[in-house]
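Participant: One structure follows; several queries about it will come next.
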Amino acid sequence: MTNIVGSRPAAGVSFEEKEYTSAELAAIYDDSIRNFKAGEVITGVVVAITPDSVVVDVGFKSEGIIPIDEFGGFTKDIKIGSEIEVYIEETENDDGVMVFSREKAQRQRCWEIIHKKYEANEIVKGVIVGKIKGGLAVDIGIKAFLPGSQIDIRPPKNLDALLGREYEFRIIKMNSKRGNIVLSRRVLIEEERKVTKDSTLSQLEEGKCVEGVVKNITDYGAFIDLGGVDGLLHITDMSWGRINHPSELLKVGDTANVIVLKFDKETERVSLGLKQHTPDPWVNVEEKYPISKRVKGKVVSVTDYGAFLELENGVEGLVHISEMTWSKHVRHPSRIVTVGDEVEAEVLNIDKEKKRISLGMKQIIQNPWEKIEERYPIGTTVEGTVRNLTDFGAFVELEDGVDGLIHISDMSWTQKVKHPSELLKKKDQVKCRVLKIDKENERISLGLKQLEPDPWETVASKYSMGQDVKAKIVKVTNFGAFAEIEPGIEGLIHISQIGDKRAPANARKELKVGQDVDAKIIKVDLEAKKIGLSMKALSGGEAGEGEYEIVDFPDEE
């Protein structure tokens, strides 16, 4: 007989304090073993700890073992006599020993707890531990999957910022066989917003100041969460001043006190304003900036047509390129001002309704044309820079804002100039004489040839009718040839005055440019600055009646 009083019974087996025969005891153990199956989770007592395993007694004929690896090599929290749950891997291995798993026991208990929460639609907490394809991995005691679409109402752009954070989730799908758990944080946010949305909508009204949190920022504004309801704060309603991007004033997560500008209950659209906390600076702009007042401002923008000056926060004025300087040679405003410059200007015009102010910078200094006649009297010699060449002349800058024109006809007494580029080129420094001033139209006529004496002034004293002269052919035309008597003085030998009347064309063909000829002066027109010559009269022939009195000189061309 065997006395087993004080012996540990197998789980589910109660021993009475008496003696059993070997056969009876064997039968009891056989029955208890049959009550345990592989895959079950039971409670046992730690009876030994070895370098390779932890020995657990669950009341069987023999103890069971758990590999020490399942404890991560650390067993300081496990002591002999500690009760732990184990998972039955095998009821008896080849050595007749039961094999347990602590990890599987913990996992199975966790599955049971999570499954109960899933069935009860309860919230679970978890830590986001990593990024995986399509979403995030979450540790809720067991690894679970959080799809990207279920992270938030609007999927976040930066998933890395969520790693390591703990959140609450709802289990939306669970498959124990496959070991799959799908979570959602979005449904909790939507539930929370739904609760607060009705309360927020009932309190919203136009003109009311409300507090919200910046939820999202775009190029055109910011979306503010007012509590279940999003409102749009447009960039134009952020500040009376210039803003290039909403991020200059706000960032996601900021708390903002905004004013409800418009609220549509049917569509639940809310328009918000921030600048409305302060008065519109354009209300009394005409009083603060009357026409002709001199003001100072900061250049905040430069365009092709001008520059914008900030006079105060929310009030800007435009200095058109034509109002920047008296000079007419500025091609772009950036050559005069840059962003950030502090400049002085004069108020030219105000359009309060359109919120526009026209400013002028050149008005700060005197218009150079106001006393132009005092500085450049007619007949004086001046010096300037050639700024531009045209077919009809050259523009010369005498000073900033004052240009004069040298007409092509006033460039040379002696040279037949076809284009100003024959004598001048851009940026040349040139001396010239003031010929005429038109103050009203801001024009000055200049002359280049007037710096030298007019050779025609001495023609009357040097040349007379019937005088023989020597000349050089400089041009042959259909109606005759031009011959130079002296530099700057040319005469026309008409085709009828070249030779024999019977063959004037043949005689004209005999003349060549550069050829020296003898001729007789048959006409002098000082007013038109023209001289008529005849080779025929010199050779003894008669010019004929009236041929000395040529009615008109043909056009050179």
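Every number in this text was worked out from the coordinates using simple rules, so none of it is lab data. Just so it is clear, the structure is predicted and the values come from calculations on it, not from any experiment. With ideal geometry, Cβ positions are generated from the backbone for all residues, glycine too; neighbour counts draw on all protein chains shown.
Participant: Which whole number in µm²/s is D for region 372-451 by Stokes-Einstein, with the Kirkwood Rh taken over Cα pairs at 4 °C and 1.567 mPa s?
Facilitator: The Stokes-Einstein estimate is 104 µm²/s.
Participant: Can I ask one more? Can you give the extra length, in nm with one decimal, that the chain gains between residue 201 and residue 518 once fully stretched, where that is 0.36 nm per residue apart less the Cα-Cα distance? It would help to have the intermediate numbers written out before the result.
Facilitator: Numbers: separation 317, 0.36 × 317 = 114.12 nm, distance 11.09 nm.
Extending this stretch completely gives an extra 103.0 nm.
Participant: Once amide H atoms are placed 1.01 Å from N in the peptide plane, what residues at a sequence separation of 5 or more from residue 327, or on another chain, have their amide H within under 5 Å of its amide H?
Facilitator: 401
Participant: Sticking with this one: What aspartates and glutamates could a cross-link reach from residue 262, if we take a straight Cα to Cα line under 16 Å and drop same-chain neighbours fewer than 8 places away?
Facilitator: Qualifying aspartates and glutamates at Cα under 16 Å: 205, 206, 211, 225, 230, 237.
Participant: Can you give the % of DSSP beta bridges in the chain that are antiparallel, to the nearest 5? Mind dumping the intermediate values first?
Facilitator: Working: 118 of 131 bridges.
Rounded to the nearest five, the antiparallel share is 90 percent.
Participant: Now for a different question. For residue 254, put the label point 7 Å out on the Cα→Cβ axis and report which residues of region 267-283 keep their amide N under 17 Å from it.
Facilitator: Under 17 Å, as judged by backbone N against the label point of residue 254, lie 272-278 of region 267-283.
Participant: Return a single number: how many Lys pairs in region 115-170, at a sequence separation of 8 or more or on separate chains, have alpha-carbon atoms below 18 angstrom apart.
Facilitator: Here the count comes out as 9.
Participant: Okay, next question. Among the listed pairs 296/427; 426/472; 362/449; 275/352; 425/509, give every one whose C-alpha distance is greater than 26 Å.
Facilitator: Working: 296/427 35 Å; 426/472 34 Å; 362/449 34 Å; 275/352 19 Å; 425/509 37 Å.
From the list (296/427; 426/472; 362/449; 275/352; 425/509), the Cα-Cα distance tops 26 Å for 296/427; 426/472; 362/449; 425/509.
Participant: Which of rounded, prolate or oblate describes region 454-497 when judged by the alpha-carbon gyration tensor and an a/c cut-off of 1.5?
Facilitator: On the way: a/c = 2.37, a/b = 1.61, b/c = 1.48.
It is prolate, given that a/c is not under 1.5 and a/b is the larger ratio.
Participant: So if I restrict to the alpha-carbon atoms in region 455-534, what is the Rg, and what is Dmax, the biggest pairwise distance, in Å?
Facilitator: Just the Cα atoms of region 455-534 yield Rg and Dmax of 12.1, 38 Å.
Participant: Here is a further query. Among the GluC sites (Glu not before Pro) within region 373-468, which fall in a DSSP loop and have no more than 12 other Cβ atoms within 10 Å of their own Cβ? Numbers along the way, then the final one.
Facilitator: Values: sites: 373, 374, 383, 397, 399, 422, 440, 442, 457; in loops: 440, 442.
Sparse-neighbourhood loop GluC sites (Glu not before Pro): 440.
Participant: Give, rounded to the nearest 20 debye, the magnitude of the charge dipole that region 121-188 has about its Cα centre when Lys and Arg contribute +1 at Cβ and Asp and Glu contribute -1 at Cβ. List each step's numbers first, then the result.
Facilitator: Numbers: 13 positive and 6 negative charges, 59 e Å.
Charge dipole, region 121-188, about its Cα centre: 280 debye, nearest 20.
Participant: Please work out, to two decimal places, the log10 of the ratio I(q)/I(0) at q = 0.07, 0.09 Å⁻¹ from a Debye calculation in which every Cα of the chain carries one identical scatterer.
Facilitator: Summing over Cα pairs of the chain leads to -0.77, -0.93.
Participant: Could you derive backbone 3J(HN,Hα) for region 233-246 from the dihedral phi with the Karplus parameters 6.51, -1.76 and 1.60 (θ = phi - 60°), listing whole Hz in sequence and x where the residue is Gly or Pro?
Facilitator: Each residue of region 233-246 in turn: 9, 6, 4, 6, 10, 8, 8, 5, x, 7, 10, 7, 8, x Hz.
Participant: Pop a pseudo-label 7 angstrom from the Cα along the beta-carbon direction at both residue 374 and residue 131 and give the gap in nm to one decimal.
Facilitator: Once both label points are built, they end up 7.6 nm from each other.
Participant: What length, rounded to one decimal in nm, is gained on full extension from residue 427 through to residue 264, with 0.36 nm per residue of separation minus their alpha-carbon distance?
Facilitator: Length gained between residue 427 and residue 264: 52.0 nm.
Participant: Let me ask you something else. Mean 1/r over all different Cα pairs, inverted: what Kirkwood radius does region 363-517 give, in Å? Provide the component values of the computation, followed by the final result.
Facilitator: Values: mean 1/r = 0.0543 Å⁻¹.
After inverting the pairwise mean of 1/r, the radius is 18.4 Å.
Participant: Then there's this: From the phi of every residue in region 40-53, what ³J(HN,Hα) in whole Hz does the Karplus formula 6.51 cos²θ - 1.76 cosθ + 1.60 yield, where θ is phi - 60° and glycine or proline is x?
Facilitator: 8, 10, 10, 9, x, 10, 6, 10, 6, 10, 10, x, 9, 7
Participant: Treating the Cα atoms of region 204-277 as identical point scatterers in vacuum, please give the log10 of the normalised Debye intensity I(q)/I(0) at q = 0.14, 0.18 Å⁻¹, two decimals.
Facilitator: Evaluating at q = 0.14, 0.18 Å⁻¹ gives log10 I(q)/I(0) of -0.36, -0.60.
Participant: Let me ask something else about it. Roughly what would the spin-label model give for residue 276 and residue 341, points 7 Å off Cα along C-beta, in nm?
Facilitator: The modelled label-to-label distance comes out at 3.9 nm.
Participant: Moving on to the next point. If you average 1/r over every pair of different alpha-carbon atoms in region 113-247 and take one over that average, what Kirkwood value in Å do you get? Could the numbers behind the result be given before it?
Facilitator: Values: mean 1/r = 0.0581 Å⁻¹.
Radius from the Kirkwood sum: 17.2 Å.
Participant: Run the helix sum for the chain: -39,500 (n - 2.57) per DSSP H stretch of 4+ residues, divided by residue count, reported at 222 nm to the nearest 500 deg cm²/dmol. If you can, show how the numbers build up before the last one.
Facilitator: Working: 7 runs with 67 residues, N = 557.
Taken over the chain, the calculation gives -3500 deg cm²/dmol.
Participant: Now, a different point. Restricting things to alpha carbons, find the Rg to Rh ratio for region 311-406 using the Kirkwood radius for Rh. Could the numbers behind the result be given before it?
Facilitator: Values: Rg = 17.1 Å, Rh = 15.8 Å.
Rg divided by Rh gives 1.08.
Participant: Using all Cα-Cα distances in region 413-452, what percent lands in each 5 angstrom bin from 0 up to the longest?
Facilitator: Percent of Cα pairs in each bin: 6, 17, 22, 26, 19, 8, 2.
Participant: Provide the per-residue ³J(HN,Hα) series for region 149-155, in order, calculated from phi with Karplus coefficients 6.51, -1.76, 1.60 and θ = phi - 60°, each as a whole number of Hz, with x at glycine and proline positions.
Facilitator: 6, 9, 6, 7, 5, 10, x
Participant: Which helices pass in the chain if a helix is a full DSSP H run, must span at least 20 angstrom along its long axis by Cα, and must have mean Kyte-Doolittle hydropathy not below -1.0? Let's see the in-between values first.
Facilitator: Numbers: long enough: 102-119 (26 Å, -1.93); 186-203 (25 Å, -0.93).
The qualifying helices are 186-203.
Participant: Report the calculated FRET efficiency for residue 334 and residue 391 (r = Cβ-Cβ distance, R0 = 22 Å), to the nearest 0.05. Intermediate values should be presented prior to the final figure.
Facilitator: On the way: r = 31 Å, r/R0 = 1.41.
For residue 334 and residue 391, the calculated efficiency is 0.10.
Participant: Have a look at 337, 136, 108 and report the one farthest towards the positive end of the charge dipole of the chain, computed about the Cα centre with Cβ charges (Lys/Arg +1, Asp/Glu -1).
Facilitator: 337
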